[in-house]
Amino acid sequence: MSSVLIRQAVERGGSKTFQDQQIDTDEISIGASADNTLMLQGASVEQRHAVFRISDDAVQVRSGGKHKLTVDSSEVSQADVDLGIEIKIGPHTVSVIRPPQGFSLALLVEVSDAPDGDLEENYRTSLLQTGLSKRWASWTLAAVTLIVTLLIPLASTYLWAPESGEPPAPVLSDIVWTTGDLHAAHQTHTQDNCAVCHETLFTPVQDSACESCHERTLDHATPELMLAGDMTDYRCAQCHGEHNEPSSWLIAGAVERCGSCHEFDSLGEGHPDFTGYPSADTASVLFDHVTHQGTHYTETNHDFICDECHQRDRSGQFQLTTDFESMCINCHGDGQSDVPSKIFHHGDQIVTGKHITFFSMPRLDLRSIPEEQIGIWPADSRKASRTGLGRLDVTHITQLLLSADPEVAPALDRLLGARVKLSKLRRATPEQMEDVVSIVWGIKRLLVELAANPQKTIESRLRRVHPVDSPVTGIEVIALSGEIRAEFVRETVNLWFPETGVAGLREELAARGDAVAEDDEGDEYRTIPGEEWVQTGTWDEDKFSIRYQVSGHADDMMRSWLETLSPLSLRVEGGPENHHAEVFEVLAEVEKGPGKATGPGRCGKCHFVEPGAELLWSRTIDHYGELEHTRFDHTAHVNASGVLECANCHTQGEAGGLLARLTSEEESQSGTGLSSFEPVSRESCSGCHNPAGSASDGCLTCHNYHVTEPHSGILALESAR
Amino acid sequence: MITANVLTFGRGRYAWVALLVLVISWALYLSQSNDVPASGGTWQGYVLGTVSAALIVWLMALGIRKRSYSAVGSVQAWTSAHVYLGLALLGTASFHSAGQLGWNVHSAAYWILVFVVVSGIAGTWMYTTLPNWTAANRKGQYRKELFSELAEINKACLDLGAECPPETELAIRSSIVNTSIGGGVLDQLLARDHSTFVGAVDGASGSTLVRNPGQREILRFVADRAPRVRDGKEANNLAELVSVLSRRQELLRRIRLDIQLSGWLRAWLYVHVPLAVTLISALVVHIITVFMYW
């Protein structure tokens, strides 16, 4: 069935005109585009504004696009078309009127040529008409922020956290609350799991979190001192901040923080002077800087360069003194081996090495002593060397070894007390002659024992006179013996006693009832363990003497004898004979004072070889500053700046010359060997290390904090309270 | 003039207050120890953070003051202080953050704050500039008067169009009915013109909907017809029509500019206000989380 469209227009003058149009299709469209059944103009007329669909039993109208239709003042997408409804299409109105006979639908279209009334009302001319809403946007954005940055991370961390303990996905986790990157080491450990450190919400990070890894961290001071310093809030995080920029920064070393206990303002103001730096015990070798620089180096046309002898260690902290073999030997050597030949200045004479007379047959006054009392004795022993003899005309070492023989010791002390010499016995009393006889047999026993097993003899005799339980180790026994061979001793004794030899002496002693050792134990008495070794010299026989030729610098026999004897070598005025001291004094020539020793080995010329003292051959650095309160990086100061020279800081005192030398004569005599360098002045540091200077004056620039006993934490502090 | 009053209110007394706040904040920032990197976690950082938070809350109070008629101080004074202290806030918050920014809620709060202040700066510029442009554009007229004038011109065009052949009459009538003014957000802010008219152009047969931005096409349509008419009356009619359409074209340009300027005068607030409220939310999260993971 057909429909009719009635178009009503208002002419000028107000009269209305009507145009009818019959439509036979079952769809009628009205809109702005030309392909519609009816084309209407207007800014608010859509291209295909309204579409009427006619079926057998009903008529419907719907929007031809996404816009809404205004049907009887309500906004709809579609509607049933009933008689009398009005549809607004822009400024135009479509009314459904009763259709004429034969038509199923009649639409009256009132066409409006121009908008009536206030023209502006036909347009949207303000943002207020656009649906924008500040309020809606505000609440939405604020809510989204709260949900995304607080509620979801909270829930994902504490409600939905995986039971495996793994951190939740980064976007949703509490990692969005981080205030900055972690130190790389901490990041590796925590793996974005905040709870590793932040154990309890709204509670500052506790030490327990740090100590789960840093369990061996040292403390700064005892709990008592920390308490006295009012460090009541005493947590790691007080000084160690995290989430910093740069993330590598972890320590607060502010002066004001340290200043709460150490009451001074800065390095420049109030900081104590460096009275002990370099410390008084730094010198281990007696080295006269002044004469070496001013005389020896000049004469030999060498530059005196500090770091030739004081080479920086790998830490950069210490300028270690190089060893004899690397440096001193260049002048104080024979040019071929490490034998310190030129060191042996003896007056103007340069002596190329010296012997130690280990044993010497006494030049016995045979005319004054009946032969039957002493048995066999070499007649030509009067020709024996006089070198290295003690008061009794035997060597000091022989004297010490004889003192270990209980039958001889009293006689030895009596004769020494009476100043009797074995080579001059004419005035000896009969009692003294008995003592002499006793000593002669003691010497024979000693020789037989040495020929049987020299190492065992030396060890057992030293043990007997040594009050310490175990004065020597196996390797020290070998060192003390200078690796002398039993065979050498036997041959020597056989040489001295050509008619009887060692066997004859043993028989003689056996006939007297003396039990002497068999020579079946040989040289295997002590063996050198593992990879250890000793450096010893050579032995020879000369004019009824057994001599030891020092091997060179750091000869182990010399070192071992000095170290073994030193603790027992302090003389007591008016006290008993001290045979240890006699040997020690001869080996070290201590009576000549430090730096002047000319005795065998010449150790005391450069080293502090003092009776009773622990012998420090060289200064060793046990650690590299982490346990020291103060550290100093030579590399950073000398190399990096390129302007500092050693003498800028290490200056010689008023008494001294250019750089340094041994201290005053009195101090030299005392052997303390104090460094003659002035303490480094504080001003030489604070010139750069000051608040306005090029270098930091923070306490931690030079000082370590964790230097005392293991960290004891708050509990210890509380208990101290 | 509003512009002078907001920025120069009380001889810029709030500018001096803001400057003082900035100088003190700067000094606090610099007083942080060399041994500790500056951050929001030092005591100076806490002070700067507290000051910044207090400023944010106070600045938000302008929204309440605007709606209140019994509060202390004039809205003008409040607005002047709001502008200058808002600028100072950018300094205090930056000193508080110490430039330590990253991908986290704290930096998010900072960047939201920056956007709020920047949108505020844009708004202040608009408040001090656009009203002058609007006045110059309106030439002493109210917008209502501009539209009344448009209505009169529309009627004159229709009357002249009625004397023309149907094709021209349809084009004139449709160009008036299909004139687009304002519209959606972007249409208003960018002064976009979706006007059309029904007519044939460039010798095309039949009528189609022709785009008519700036009313240029309808003018060309009418002008093209003028040389072809022989009837003197019709020629006069067309000439007058071109003249009236030209006046209409100019008037429409002014109306669109007026709507555009009014739009921008409001538009920045649609950024400034929601972001400011969001900032409060972000600030709360910032403070809670900082102390939650102390």
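The values are calculated or read from the model by the stated rules, or taken from the named source; none is laboratory data. The shown structure was predicted, so the numbers you read here are calculated from the model rather than taken from an experiment. Positions of Cβ are backbone-derived with ideal geometry, glycine not excepted, and every protein chain shown enters the neighbour counts. Accessible surface is based on the protein model in full, side chains and every heavy atom, while ligands, DNA and RNA are left aside. Shrake-Rupley method; radii C 1.70, N 1.55, O 1.52, S 1.80 Å.
Using the structure shown, select from A:LYS68/B:LYS155; A:LYS88/B:LYS139; B:LYS66/B:LYS139 the pairs with a Cα to Cα distance greater than 32 angstrom.
The pairs that break the limit, which is 32 Å between Cα atoms, are A:LYS88/B:LYS139.
For Cα pairs less than 8 Å apart in space and 6+ apart in sequence, what is the mean separation divided by the residue count of chain B, i.e. the relative contact order in percent?
Reported relative contact order: 21 percent.
How are the Cα pair distances of chain B distributed, in percent, across 10 Å bins from 0?
Bin by bin from 0 Å, the calculated values are 6, 21, 21, 15, 12, 11, 9, 4, 1, 0.
Can you give the FRET efficiency for A:SER104 and A:ASP20, using 1/(1 + (r/R0)^6), R0 = 22 Å, r = Cβ-Cβ distance, to the nearest 0.05?
0.90
Which whole-number percentage describes the relative contact order of region A:1-115, with Cα contacts under 8 Å and a sequence gap of 6 or more?
25 percent
Take each uninterrupted DSSP H stretch in chain B, measure its Cα extent along the helix axis, and return the ones at 20 Å or beyond whose mean Kyte-Doolittle hydropathy is at least -1.0.
Once both thresholds are applied, what remains is B:13-30, B:43-66, B:75-97, B:105-138, B:143-162, B:232-267, B:269-292.
Could you compute the net charge surrounding A:ILE478? Neighbours are other residues with a C-beta less than 9 Å from the C-beta of A:ILE478; K and R count +1, D and E count -1.
-2
Could you state how much accessible area is buried at the B-A interface, both sides summed, with a 1.4 Å probe, in Å² to the nearest 100?
5100 Å²
Would you tell me the mean number of C-beta atoms belonging to other protein chains that fall within 10 Å of each C-beta in A:140-149, as a whole number?
For this peptide, the per-residue mean of nearby foreign Cβ atoms is 6.
Per DSSP H run of at least 4 residues, take -39500 (n - 2.57); add these up for chain B, divide by its residues and hand me the 222 nm value, nearest 500 deg cm²/dmol.
After summing the helix terms and dividing by the residues of chain B, the value is -25000 deg cm²/dmol.
Highest first, please rank the peptides B:124-136, A:573-585, B:263-275, B:173-185 by the mean number of other Cβ atoms sitting within 10 Å of their residues.
Highest to lowest by the protection proxy: B:173-185, B:263-275, A:573-585, B:124-136.
Among A:431-444, A:180-193, how do they line up by average Cβ neighbours within 10 Å per residue, starting with the highest?
A:431-444, A:180-193
If you consider only alpha-carbon coordinates, what radius of gyration and Dmax does region A:13-90 have, in Å?
Calculated on Cα positions, Rg and Dmax stand at 13.1, 42 Å.
Going highest first, how would you order A:684-692, A:88-96 by mean Cβ packing within 10 Å?
The densest-packed peptide leads the list: A:88-96, A:684-692.
Which shape class, rounded, prolate or oblate, goes with region A:59-156 when its Cα gyration tensor gives a ≥ b ≥ c as root eigenvalues, a/c under 1.5 marks rounded, and past that a/b bigger than b/c marks prolate?
It is oblate, given that a/c is not under 1.5 and a/b is not larger than b/c.
Report, as an integer, the average count of C-beta atoms from other chains found within 10 Å of each Cβ along B:16-25.
Shielding by partners across B:16-25 averages 0.
Take the residue pairs A:LYS383/A:LYS444; A:LYS456/A:LYS605; A:LYS424/A:LYS543 and return only those whose Cα atoms are more than 22 Å apart.
A:LYS456/A:LYS605
Which percent of the accessible area of region A:1-132 is formed by carbon and sulfur heavy atoms (probe 1.4 angstrom)?
Answer for region A:1-132 is 44 percent, counting heavy atoms of protein chains only.
Between B:ARG230 and A:GLN8, what's the calculated FRET efficiency when r is the beta-carbon distance and R0 is 25 Å? Round to 0.05.
Working from the Cβ atoms, E equals 0.10.
Under the definition of partner shielding as Cβ atoms of other protein chains within 10 Å of a residue Cβ, what is the mean value for peptide B:250-257?
The per-residue average across the peptide is 1.
For region A:8-124, what is the accessible area per residue in Å², given a 1.4 Å probe and the full set of protein chains?
55 Å²
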